[in-house]
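Taking it in order: structure first as structure tokens, then the write-up.
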Amino acid sequence: MSSFLPEGGCYELLTIIGKGFEDLMTVNLARYKPMGEYVTVRRINLEACSNEMVMYLQGELHVSKLFSHPNILPYRATFIADNELWVVTPFMAYGVSKQATF
């Protein structure tokens, strides 16, 4: 797994491709500038999250780091930029996983 820097300035946010988590999360297609690689960046507004939501996010990130399976996208970087939690994952082209044919 290649190393991605935990700095917001290393990512060029290109377009919004989704929203979620009670509309507190924005999912962007982005380009990782040092390598030119396309990634997905989930940005979660922490100031608008309740304490329970923050605890849920901490648990999700911790448990997801433990998964090792070819059908689960790994995190490339997680960090705080301004008031947002950024979670960087590989970009899955060709639609969402439920649309993929196996």
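The values are calculated or read from the model by the stated rules, or taken from the named source; none is laboratory data. The model shown is predicted, which means the values in this text are computed figures rather than measured ones. Positions of Cβ are generated from backbone atoms using ideal geometry, with glycine treated the same way; all protein chains shown enter the neighbour counts.
Name the single residue that is modelled with the lowest pLDDT among those in region 49-93 being surrounded by 15 or more Cβ atoms within 10 Å (Cβ to Cβ) and of a type in the set (D, E, K, R).
ARG76
Per-residue answers, yes or no, for (1) in contact (Cβ under 8 Å) with a residue 40 or more places away in the chain; (2) assigned to a strand (DSSP E or B); (3) over 12 Å from the mean Cα position of the chain (by Cα); (4) within 15 Å of PHE79 (Cβ to Cβ):
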position: GLY9; (1), (2), (3), (4): no, no, yes, yes
position: LEU14; (1), (2), (3), (4): no, yes, yes, no
position: GLY18; (1), (2), (3), (4): no, yes, no, no
position: GLU22; (1), (2), (3), (4): no, no, yes, no
position: LEU29; (1), (2), (3), (4): yes, yes, no, no
position: MET35; (1), (2), (3), (4): no, no, yes, no
position: VAL39; (1), (2), (3), (4): yes, yes, no, yes
position: ARG42; (1), (2), (3), (4): yes, yes, no, yes
position: GLU47; (1), (2), (3), (4): no, no, yes, no
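Take the residues in region 50-72 that are in a helix (DSSP H, G or I) and among the polar types (S, T, N, Q); name whichever of them is nearest to the chain's Cα centre (by Cα).
Of region 50-72, the ones in a helix (DSSP H, G or I) are 51-66.
Checking the rest, the ones that are also among the polar types (S, T, N, Q) come to 51, 58, 64.
Details: ASN51: 20, GLN58: 13, SER64: 12 Å.
Only one residue fits best here, namely SER64.
Could you list, in sequence order, all residues of region 20-30 that are surrounded by fewer than 17 Cβ atoms within 10 Å (Cβ to Cβ) and modelled with pLDDT of 95 or more?
Within region 20-30, no residue meets the criteria.
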